[in-house]
Amino acid sequence: MGGAGVSSAAGESSSATFATVGDLDAALVDCRACPRLVAWRELVAREKRAAFRHQEYWGRPVPGLGPADASLLIVGLAPAAHGANRTGRMFTGDRSGDVLFAAMHAVGLATQPTAVHADDGLELVGTRITAPVHCAPPDNKPTPDERERCGGWLRAELALLRPRAVMVLGGFGWQALLPVLAEAGWAVPRPRPKFGHGAHVELAGERGPLHVFGCYHVSQQNTFTGRLTPAMLEEVLDRAAHAAGVVRLTPRGEVS
């Protein structure tokens, strides 16, 4: 399998090629392509939240989480300022992650229901989590330019992973992912499919079909209001895992 390319950290037209997901992750954490995001993630890491004042913040781009041969990809939005930007691991150390990993554990996609810090022993099963933007943005709102600039990392990750299914958390991730899938060779219809909770689109491609599922984001705005319940999240996760052919864990931690 050939390598995957991505624009350089400085945003120039030159490209680096990565042979493995590990190589890509190692390069990603040094990216400084978006001045606003670099300034914000580093400011947050210096000033910290009072509850975490004795902890050392990561304060860098957050790479994807999960095995390099994952057949299911979960696409979020961006790292939380005091969550992944603090711990250095996707969805780790914040309320959104509490909801996501509890649901993933319930359907056999994670070895434990909690994610507190990067060395807590959590492992994902046949699943990788990534984001269209890898740095924490002010007010949790990346700009379209930042999304586009970061898109090269997502394109390279997709090329290396070759997933069979993707579950997208929220409309921002959905809008970011579809153009990337089209560039990667999957037949994304026009007009592009609309995002919605439970939405499902099957895209034809040279590698075989790709199943894309939509799910409301696991943000507190959705989970605290009941717009997204654990049962709703688990239902979409279950469908996506089935479409991806993931061999999951049983409640006893055994492979099913």
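Computed quantities for the displayed model
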read-out: Residue within the range 222-234 that is exposed (fewer than 13 other Cβ atoms within 10 Å of the Cβ), small (Gly, Ala, Ser) and modelled with pLDDT of 95 or more present; value: yes
read-out: Filter pass, Val201 being of a type in the set (Val, Ile, Thr) and closer than 17 Å to Leu73 by Cα; value: yes
read-out: Subset of the range 44-58 (residues that are loosely packed, with under 14 Cβ neighbours inside 10 Å and under 17 Å from Cys135 (Cα atoms)); value: Arg46, Glu47, Glu56
read-out: First in the range 47-74 and on the phi > 0 side of the Ramachandran plot, second anywhere and among the polar types (S, T, N, Q) and surrounded by fewer than 20 Cβ atoms within 10 Å (Cβ to Cβ), Cβ under 9 Å, 6 or more apart; value: Lys48/Gln55
read-out: Selected residue (only one of Gly2, Gly59 is assigned to a loop (DSSP other than H, G, I, E, B) and at pLDDT below 95); value: Gly2
read-out: Contacts under 8 angstrom Cβ, first residue in the range 117-130 being within 20 Å of Tyr57 (Cβ to Cβ), partner charged (D, E, K, R), 6 or more apart; value: His117/Arg89; Ala118/Arg89
read-out: Selection within the range 169-216 - of a type in the set (A, V, I, L, M) and not in a loop (DSSP other than H, G, I, E, B); value: Leu169, Ala176, Leu177, Leu178, Val180, Leu181, Ala182, Val201, Leu203, Leu210, Val212
read-out: Of residues in the range 201-233 being farther than 28 Å from Leu158 by Cα and among the small types (Gly, Ala, Ser), the one nearest to the chain's Cα centre (by Cα); value: Ala231
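The values are calculated or read from the model by the stated rules, or taken from the named source; none is laboratory data. Quick caveat: nothing in here was measured; it's all calculated off a predicted structure. Methodologically, a virtual Cβ is constructed for each residue, glycine included, from the backbone with ideal geometry; neighbour enumeration extends over all protein chains shown.
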